[in-house]
Each structure stands twice: as C-alpha cells, then as structure tokens.
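Enquirer: The structure follows.
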Amino acid sequence: MANRVVIALGGNAILKPGQAETVEAQLENIKTSAEMIAKIEKLDYQIVVTHGNGPQVGNILRQNEEAKDIVPPFPLDVCNAESQGFIGYLMEQTIKNKIEEEGLTSGVVTLLTQVEVSAEDEAFKKPTKPIGVFYSKEEAEKMSKERNWKMMEDAGRGYRRVVPSPRPLRIHGVNSIVNLLNQNTIVVAGGGGGIPVSRKENGHLSGIEAVIDKDRTGKKLSEQVDADVFMMLTDVSNVYINYGKPNQEKLETITPETAQKHFEDGHFADGSMGPKIEAAIHFARQGKTSIICALEEADKALLGKAGTRIVG
C-alpha cells in the first residue's frame, strides 16, 4: 500500500500578504501548490490536502461588516463554511487540471468538513487565533474601537484580528476520506481548520463561532486517517531557534524530545510557528514523521533532503 500523507497549506499560500484580494490572484498562487501536489503524487503517496483560510475568512467577515445594514451578517462558523467551499473549489479545479496535464489518473474531491470542538474549551475565554488581513498599529486601534474586534500583533508582520481557536476533538466524515484515498483520489478536506461545531445536550451538532487552527486539525486528520507523514508547508524552508537573532540556528532532523525542549524554551511564537511545532511533536510521538518546510521543497522534504523533520 502507498504511504499516506496529510499536507497542510497555509492560507498565505493561497493569498499572500499585501496581494490583490482577487480570485485570479488566488488561482495563480494555488497553481504552485497544485504543481507540488502532482510531484508528490508521482512519489506514490495517498494525499489529503488541508489548508488555512485566515486571509479569506477575514475578508468574508469584513464583507459582512460592511454590508450589515443591507444583508444580515453570517455567524463565524458559516463564514468558515463559505471560505472552505470557495477555496476547495479553486484547489480541486487547479489540482485536477495539473494532474490531467501530467498524465496522472488520480481523481480529486473536496469534502465540506465539520470539526467537533468543546463549547467549554478555554479558548472561548481568551481569543488568540489571527485571521484576516494585516493592519498597522493605528488601523488596528481604529478597528478595535469601531468594531469591537480584539487585535493582536502577529510575529512582527503587523496587527490582525484574533478569535477563539478551540482544539479539535473529532473530524467528521473520515471514513469517506479513507475510502476515497483507497480509490486513488486526492482529497481536499478540513479546510480552514474545518467548520467548528459542538455537541448540544440532546446530542445534536450545532455551529459555534470560532476558527480552528488548521495545523491542529491537520494533526487530528493525520491521526484519524492513519497517515504516515504529516506535512506543514510554509513560506520558510526550515524551522529555526533564536529566529531573527545573530545566533539563529536551522533545525533539520530532530526528535520529538528536542523539539519539545525548544518549544518549552519559548522559541516559537503562539500565533505562527508555535501551533505547527506543537502539532508536529504530538504526531511524531506516535512513531510517525512530521515535516515543516517550504512549499517549493515539499517533494525533497519527503525524500529527506529538505525542511525540518521531526521523526518519532
């Protein structure tokens, strides 16, 4: 049986900071991801793709705010579903075109995915998940006053809105994902961390306002589909300790224990690399492999020739 990999793409792989927020721009960015997914397909992997939606859901929320006097605004879970649908459509179409262009026979399917969380999660008391576009300090202060948004500086890149980010407990529809993988189908699932839902007293699922971190969902998805590799693709080639300092050090192949020590020493920002490292450690401890690398080097990283690999 082919090895199975879950690939988590950042929202910025779809829409880069400062880029025109058009469908055309996002399609062009996704082409790069599709080219890499085709290369990984040639390495004989079963592939699940998940992706971020921070810039996209932020813009949907902004549209809601601007039009609230004309059209009733949607709750955050519905905005998540909206972003998951349109990004999934763009990704499925682009990957399918590239797969066919390369003469490969894999199918491509997007699944709208609900992810169960606890309504009692501590995240609802302390929002930390950055979403949407970047603002200057002055713009952030204005947004905070005018729209009652909680704003936070994001790893030196500017200010963004932050919302609750509860931990995923269970991804729904995994049996269907596994069946599709076994039928030579690339699956796009869990987009934007999934649509957050919680279970009510009567046992029914219901949407809840939050954005689940896509790397944590990717880790949970990797566990539930029994993946061999969990890969997080970013805009940097490796993970670093002492990042941006004179003694900056690149990490290549390390153990979960070494990664945990660096995590506890505070080398990774909570709003950026922190959740990636945390998810990578937890998955690797199960005797599996976690990889964090640049999108353009994903195929080399799978071959052990690039990126940061945490090997259990």
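Enquirer: Let's test this: bin the Cα-Cα distances of the stretch 1-55 at 5 Å from zero up to the farthest pair and state each bin's percent.
Expert: 4, 19, 26, 21, 14, 9, 5, 1, 0
Enquirer: With r defined as the distance between the Cβ atoms of residue 97 and residue 249 and R0 fixed at 30 Å, what FRET efficiency is calculated, to the nearest 0.05?
Expert: Result of the calculation: an efficiency of 0.15.
Enquirer: Whenever you get a sec, compute what percent of the accessible area on the chain sits on carbon and sulfur atoms (1.4 Å probe).
Expert: The nonpolar share, carbon plus sulfur, comes to 47 percent.
Enquirer: So, one more: Could you check which residue among 75, 168, 275 shows the biggest mean-square fluctuation in a GNM of the chain with a 10 Å Cα cutoff?
Expert: Of the options given, 75 has the highest mean-square fluctuation.
Enquirer: Further, regarding this structure: Can you tell me what percent of all Cα-Cα pairs in the stretch 176-306 are more than 16 Å apart?
Expert: 68 percent
Enquirer: With a 10 Å cut-off between alpha carbons and a GNM built on the chain, which of 230, 268, 86 moves the most?
Expert: Taking springs between Cα atoms under 10 Å, the residue moving most is 86.
Enquirer: Show which aspartates and glutamates lie in cross-link reach of residue 145 when reach means a straight Cα distance below 20 angstrom and same-chain residues fewer than eight apart are skipped.
Expert: Once the sequence-local aspartates and glutamates are set aside, what remains near residue 145 is 65, 66, 69, 153, 154.
Enquirer: If you don't mind, there's one more thing I want to ask. Restricting to Cα pairs below 8 Å that are 6+ residues apart, what does the relative contact order work out to for the chain? Please round to a whole percent.
Expert: 21 percent
Enquirer: When only the heavy atoms of the protein chains count and the probe is 1.4 Å, how do 290, 206, 176 rank by accessible area, highest first?
Expert: Putting 290, 206, 176 in descending order of accessible area: 176, 206, 290.
Enquirer: Stretch residue 63-residue 258 to full length: gain in nm at 0.36 nm per residue minus the Cα-Cα span?
Expert: Extra length from residue 63 to residue 258 when fully extended: 65.8 nm.
Enquirer: Taking θ = phi - 60°, what integer Hz values does the Karplus form 6.51 cos²θ - 1.76 cosθ + 1.60 yield along the stretch 28-40, in sequence order, with x for Gly and Pro?
Expert: My calculation for the stretch 28-40 gives 5, 5, 5, 4, 4, 5, 5, 4, 5, 4, 5, 5, 5 Hz in order.
Enquirer: Need one word for the chain: rounded, prolate or oblate. Basis is the Cα gyration tensor (sqrt eigenvalues a ≥ b ≥ c); a/c below 1.5 gives rounded, then a/b vs b/c decides.
Expert: Taking the square roots of the gyration eigenvalues as a ≥ b ≥ c, the chain is rounded.
Enquirer: What percent does the relative contact order of the stretch 104-178 come to when contacts are Cα pairs within less than 8 Å and at least six residues apart?
Expert: After rounding, I find 43 percent.
Enquirer: Pick out, from 89, 23, 308, the residue whose Cα sits farthest towards the positive end of the charge dipole of the chain, with +1 on the Cβ of Lys and Arg and -1 on the Cβ of Asp and Glu.
Expert: Value computed over the given set: 308.
Enquirer: So what is the accessible area of the chain per residue, in Å², with the probe set to 1.4 Å? Don't skip to the end; give the middle numbers.
Expert: Values: 14520 Å² over 312 residues.
The answer is 47 Å² per residue.
Enquirer: Could you rank the peptides 192-200, 66-74, 251-259, 304-312 by their average count of other C-beta atoms within 10 Å per residue, with the highest value first?
Expert: Listed from highest to lowest mean packing, they are 192-200, 304-312, 251-259, 66-74.
Enquirer: Another question, if that's okay. For the stretch 87-97, just list the computed ³J(HN,Hα) in residue order, Karplus coefficients 6.51, -1.76 and 1.60, θ = phi - 60°, integers in Hz, with x standing in for Gly and Pro.
Expert: 5, x, 4, 5, 5, 4, 5, 5, 5, 4, 4
The values are calculated or read from the model by the stated rules, or taken from the named source; none is laboratory data. Bear in mind the structure is a predicted one, so any value in this text is a computation, not a measurement. Reconstructed Cβ throughout: ideal geometry from the backbone, glycine too, with neighbour counts over all protein chains shown. Note: accessible area is taken over every heavy atom of the protein model, side chains too, but ligands, DNA and RNA are not part of it. Shrake-Rupley method; radii C 1.70, N 1.55, O 1.52, S 1.80 Å.
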